[in-house]
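As structure tokens, the structure follows; a few thoughts come after it.
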Amino acid sequence: MGALSIRNVRRSYGGVDVLKGIDVEVEAGEFLILVGPSGCGKSTLLNIIAGLDVATSGTVHIAGRDVTHALPKDRDIAMVFQSYALYPNMNVAGNISFGLEMRNVPRAERDAAVQRVAKMLQIEHLLDRKPGQLSGGQRQRVAMGRALARNPVLFLFDEPLSNLDAKLRVEMRAEIKQLHRAAQVTTVYVTHDQVEAMTLGDRIAVMKAGVIEQLGTPDEIYDRPATRFVAEFIGSPAMNVLAAEPASGGVAARGIGLPLDDAQRGALAASGATATLYGLRPEALSFADAGLPGTVTMIEPTGPETYALVDTAVGKLTARVPGRLRASTGAAVALRWSTSEVHLFDARTERRIA
Amino acid sequence: MSPGQPRRFDWHRAALWSVLALFALFFLLPMYVMVTTSLKDMAQIRDGNLLSLPTAPSLAAWSTAWSSACTGVDCGGLKPFFINSVIMVVPAVLVSTMLGAINGYVLSKWRFRGSETMFALMLFGVFMPMQVVLLPMSQVLGWLGIANSIGGLVLVHVIAGLPSTTLFFRNYYVGLPDELVKAAMLDGAGFWRIFWRIVLPLSTPITVVTLIWQFTNIWNDFLYGIVFSGAGSKPVTVGLNNLANTSSVVKEYNVDMAAAMIAGLPTLFVYIVAGKYFVRGLTAGAVKG
């Protein structure tokens, strides 16, 4: 029995289906990411897990107990909100211990919990301050402290880092990962940031329009995206996707043959797809002496690597090359890739073929 | 203006200040006349110069107005009426403000099917003329057996004030993040504990605004006071009216003015003490609501 089971959960608001049958099993200690564009239903799903919203149908079990209709306070969960939602009228210690106080934990135990959490998060010197006197990063820590104080069976995070600046976000991301490793509490984490998803998650559920498009480890999601949407959503710059028709020896886009290996050809034949999408991640492309000819139209150096936009006969392709690029805009280049890097999708269903 | 620059005469600013001073003078003049007249004796008043300062200032008229001026056949001054008003205003203000806070909390943070409609209907109460409720209300007070009593007046004022107090609190609470309530729910707090521990402590500005608003309205009310009060429960506004309308041999303007000042002082006092909250709270509510 998993720590959290979501079975066939649906949610509709006045005829609009926000969640269309979600099934997820989360093991104890696992870190699950819900990722997707805004409006995909990930926050609704989190609210249903928390008990702040009710499923139209389906069930939610936490630690083997059916909590579909239980009140939030009876679910033994803690949540970190995007806005942190610290109580402005209480100091940091009061914020952290409020949940314990509501559960009638004796004062001495509460104080001990506050000290333990403050030490863990290095906020001991802030305990007497009000939230209004804290910086963004400090508020974030207090919000996590409030969640940690109670030792819940399940942690929920609702885009906790999106209000922080870029540098702090990277720091806090690492800290959340360390905290999770130390505390080993089952966690569900909502984000729209694919980097957060890839770096934090044991498993990632990529959602779109109320459906989980793919549920898997970061490697599975990145290496074998199940749908075109997942392929394009995860990874930056996004995967190059070309419309291509099956042709002898593989597929062809605008009359130009694109290579497939034997296994991919077999899968394509078995699928019976009449139109396909040929996907290549930018890092799969490399510059070579021979290959697909094209012209560099734009160069974006980021420091450790360079993105080059190349205009070819099959369309515009983004290549991602390590270090600096010697070619300049307007240069004629040739692109090469290995068939093992190819992602092939059915153009009609947008599902993965190989 | 940067500090190093020599100050030049600013016509724009001068014009602004003159206009403001003129208006302040215009609105303060009646107050000046009231205060000076109340401190004069009748001989000086008969001289006829309204704006002159009292030659021999005395609080005799105030003392008369407070404890011995005649209102109809009673000659006990405004004091009993003033006390009635205090006994009426304190519970009416506290109860209507408290209920408004709870209503606003429910209508903003615990929405239910039809809560928006209910709020829209309540808004009618804000704009409804007071006269409309006179007859039905007197009927109800009669049924409840509290007609002509201070208790009845308290009930009338609580009910009449609820739409405004609800509106104030509801619009203020709409600006409080919903996530605060959700976080408290997850922390294990229920409806009342969230209200007492989280929401109410964050309501100081709007509470002060509502208290002032209700205090002023109820203290200054004349219509309900004259319609629903009995012999022993008339509020100070009714007392003042009776005092000013009671004709004796000579019209004692100094006593009338002193009585009017006494009747008006509590609201003036409340504004001066809590006025800054009033302005702050009104604008806060306006921006957020």
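I want to check the label-to-label distance for residue A:193 and residue B:192. Put each point 7 Å from Cα in the C-beta direction and report it in nm to one decimal.
Result: 4.3 nm between the two label points.
Considering the alpha-carbon set of the protein assembly as shown alone, what are its Rg and its Dmax in angstrom?
Every Cα atom of the protein assembly as shown included, Rg and Dmax give 36.8, 122 Å.
Please find the FRET efficiency linking residue B:245 to residue B:204, where r is the Cβ-Cβ separation and R0 is fixed at 51 Å, and quote it to the nearest 0.05. List each step's numbers first, then the result.
Numbers: r = 42 Å, r/R0 = 0.82.
Efficiency, from the Cβ-Cβ distance: 0.75.
Using 0.36 nm per residue of separation minus the Cα-Cα distance, give me the extension gain between residue A:57 and residue A:224 in nm, one decimal. Provide the component values of the computation, followed by the final result.
Numbers: separation 167, 0.36 × 167 = 60.12 nm, distance 3.13 nm.
Additional length available on full extension: 57.0 nm.
Based solely on its DSSP helices, what 222 nm [θ] is calculated for chain A when runs of n ≥ 4 H residues each add -39,500 (n - 2.57) and the sum is averaged over all residues, nearest 500 deg cm²/dmol?
On the way: 9 runs with 95 residues, N = 354.
When only DSSP H runs of four or more count, the value is -8000 deg cm²/dmol.
Please compute the volume of the convex hull spanned by the alpha-carbon atoms of the stretch A:60-101 and report it per residue in Å³. Before the final figure, lay out the partial values.
Working: hull volume 4.1 nm³, N = 42.
About 97 Å³ per residue, rounded to a whole number.
Report the local net charge at residue A:86: Lys and Arg +1, Asp and Glu -1, summed over other residues whose C-beta lies under 12 Å from its C-beta. Intermediate results must be reported in sequence, preceding the final value.
Values: positive: A:129, A:130, A:139, A:141, A:146; negative: B:179, B:187.
Its environment carries a net charge of +3.
Using only the alpha-carbon atoms, how far is helix A:92-102 inclined from the longest principal axis of chain A? Give it as 0 to 90 degrees, nearest 10.
Around 70 degrees separate the two axes.
Which one of B:265, B:149, B:115 has its Cα pushed farthest toward the positive end of the charge dipole of chain B, where Lys and Arg give +1 and Asp and Glu give -1 at the Cβ?
Of the candidates, B:115 comes out farthest on the positive side.
Using a Gaussian network for chain A with springs between C-alpha atoms less than 10 Å apart, which of these wobbles most: A:198, A:298, A:144?
Fluctuation is largest for A:298.
Report the percentage of all Cα-Cα pairs in the stretch A:4-225 whose separation exceeds 22 Å, rounded to a whole percent. Intermediate values should be presented prior to the final figure.
On the way: 12409 of 24531 pairs.
Tail of P(r) above 22 Å: 51 percent of Cα pairs.
So what does the Cα-only Debye profile of chain B read at q = 0.07 Å⁻¹, as log10 I(q)/I(0), no solvent term?
Taken in order of the listed q values, log10 I(q)/I(0) reads -0.39.
What per residue convex hull volume, in Å³, comes out for the stretch B:104-205 when only alpha-carbon positions are used?
Taking only Cα atoms, the stretch B:104-205 has a hull volume of 138 Å³ per residue.
Within the stretch B:103-159, list the chymotrypsin sites (Phe, Trp or Tyr not before Pro) lying in a DSSP loop whose Cβ has at most 16 other Cβ atoms in a 10 Å radius.
Values: sites: B:105, B:110, B:112, B:119, B:124, B:127, B:143; in loops: B:110, B:112.
Filter output for the stretch B:103-159: B:110, B:112.
Near residue A:135, within a Cβ-to-Cβ distance under 12 Å, what is the net charge of the other residues, with Lys and Arg +1 and Asp and Glu -1?
Numbers: positive: A:129, A:139, A:141; negative: A:165.
That sum, taken over residues with Cβ under 12 Å, equals +2.
At 0.36 nm per residue, minus the direct Cα-Cα distance, what do residue A:247 and residue A:339 gain on full extension? Give it in nm, one decimal, please. Don't skip to the end; give the middle numbers.
Working: separation 92, 0.36 × 92 = 33.12 nm, distance 1.56 nm.
Here the answer is 31.6 nm.
Longest exposed-loop-site-free stretch of chain A, with trypsin sites (Lys or Arg not before Pro), DSSP loop and at most 13 other Cβ within 10 Å? Walk me through the numbers on the way to the answer.
Numbers: sites that count: A:254, A:324, A:326, A:348.
Segment A:1-253 is the longest.
What Cys residues in the protein assembly as shown have no fellow cysteine's beta-carbon under 4.7 angstrom?
Those would be A:40, since no other cysteine Cβ in the protein assembly as shown comes under 4.7 Å of theirs.
Hey, how many Å between the Cα centroid of the stretch B:110-127 and the Cα centroid of the stretch A:118-167?
37
Taking only the Cα atoms of the stretch A:209-284, how large is their convex hull per residue, in Å³? Walk me through the numbers on the way to the answer.
On the way: hull volume 9.3 nm³, N = 76.
Dividing the Cα hull volume of the stretch A:209-284 by its residues yields 123 Å³.
Given a Förster radius of 60 Å and the C-beta distance between residue A:349 and residue B:124 as r, what FRET efficiency does 1/(1 + (r/R0)^6) yield to the nearest 0.05? Provide the component values of the computation, followed by the final result.
Working: r = 56 Å, r/R0 = 0.93.
With a Förster radius of 60 Å, E is 0.60.
I need the calculated FRET efficiency for the pair residue A:254 and residue A:71, taking r as the beta carbon distance and R₀ as 41 Å, to the nearest 0.05.
Values: r = 59 Å, r/R0 = 1.44.
The pair residue A:254/residue A:71 has a calculated efficiency of 0.10.
Need the C-alpha centroid separation for the stretch A:1-77 versus the stretch A:172-226, integer Å.
With the stretch A:1-77 and the stretch A:172-226 each reduced to a Cα centre, they are spaced 16 Å.
Specify the residue with the greatest mean-square fluctuation among B:274, B:21, B:260, computed from a Gaussian network of chain B linking alpha-carbon atoms under 10 Å apart.
Largest GNM mean-square fluctuation: B:21.
A short reminder: the numbers here are calculations on the coordinates, not readings from a lab. Since the model is a prediction, treat every value here as computed from it, not as a measurement. Neighbour counts run over all protein chains shown; Cβ positions are idealised from the backbone, glycine included.
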